[in-house]
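Working notes, beginning with the structure itself.
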Amino acid sequence: MTPWAAGVRISFAYSAIEDLERVLAYYAEEGVPEVGRRLVAEVVGAVGALATHPNTGRVVPEFNLPDLRELIRPPFRIVYRREAGRVRVVRVWRSERLLKRPEGWESRRAGVKSGSSRKAAKTPRLGTEPKQTDRS
């Protein structure tokens, strides 16, 4: 039995809540608020499934950290951190956006030796770097 078998607690970081609020605002401004509500409901539904299947998402390729994962639910990337007994959604972005590593990230990560506590290394703050096709 895995530690996830009983289900985990789901939470949303303030940054993820702001992302979802921006989705709602954008579609409301476009005159189709029902589209925004539907998309946000789909994100929340996908996140809800993580309570019983927290390993569903893939490792975020830009960071390659085993506990920083993402669900791809077009048009969104739902980025979450997997912890014992908990999943925390940290960002919800358009799927064509790339995550940008903060300056100095590799040197901070290199300072964490195998077997040391994850809390010893600060998890990088996620930024975005739009692809050339991104118009936002």
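When segment 7-60 is filtered for residues that are open to solvent by 70 Å² or more (accessible area, probe 1.4 Å), part of a loop (DSSP other than H, G, I, E, B) and either among the aromatic types (Phe, Trp, Tyr) or in contact with a strand residue (DSSP E or B) (Cβ under 8 Å, 6 or more places away or on another chain) (or both), the ones remaining, listed by number, are ASN55, THR56. If the condition is being without any contact (Cβ under 8 Å) to a residue 24 or more places away in the chain and over 13 Å from the mean Cα position of the chain (by Cα), then segment 32-65 contributes VAL32, PRO33, GLU34, VAL35, GLY36, ARG37, ARG38, VAL40, ALA41, GLY45, ALA49, ASN64.
Screening segment 70-80 for residues that are within 12 Å of the chain's Cα centre (by Cα) and open to solvent by 30 Å² or more (accessible area, probe 1.4 Å) and picking the one that is nearest to ARG37 (Cα to Cα) gives ARG73. Of the residues making up segment 79-101, those that are touching a Phe, Trp or Tyr at 6+ places or on another chain (Cβ under 8 Å), more than 14 Å from ASP67 (Cα to Cα) and either assigned to a strand (DSSP E or B) or modelled with pLDDT of 90 or more (or both) are VAL92, TRP93, ARG94, LEU99.
Look through segment 7-31, keep the residues that are β-branched (Val, Ile, Thr) and more than 14 Å from ARG94 (Cβ to Cβ), and return whichever of them is farthest from the chain's Cα centre (by Cα). That would be VAL8.
The values are calculated or read from the model by the stated rules, or taken from the named source; none is laboratory data. Fair warning: this is a prediction, and the values are worked out from it, not measured in the lab. Glycine also receives a Cβ, built like all others from the backbone with ideal geometry; neighbour counts cover every protein chain displayed. When the accessible area is computed, the model is the full protein with side chains, heavy atoms only, and any ligands, DNA or RNA have been set aside. Shrake-Rupley method; radii C 1.70, N 1.55, O 1.52, S 1.80 Å.
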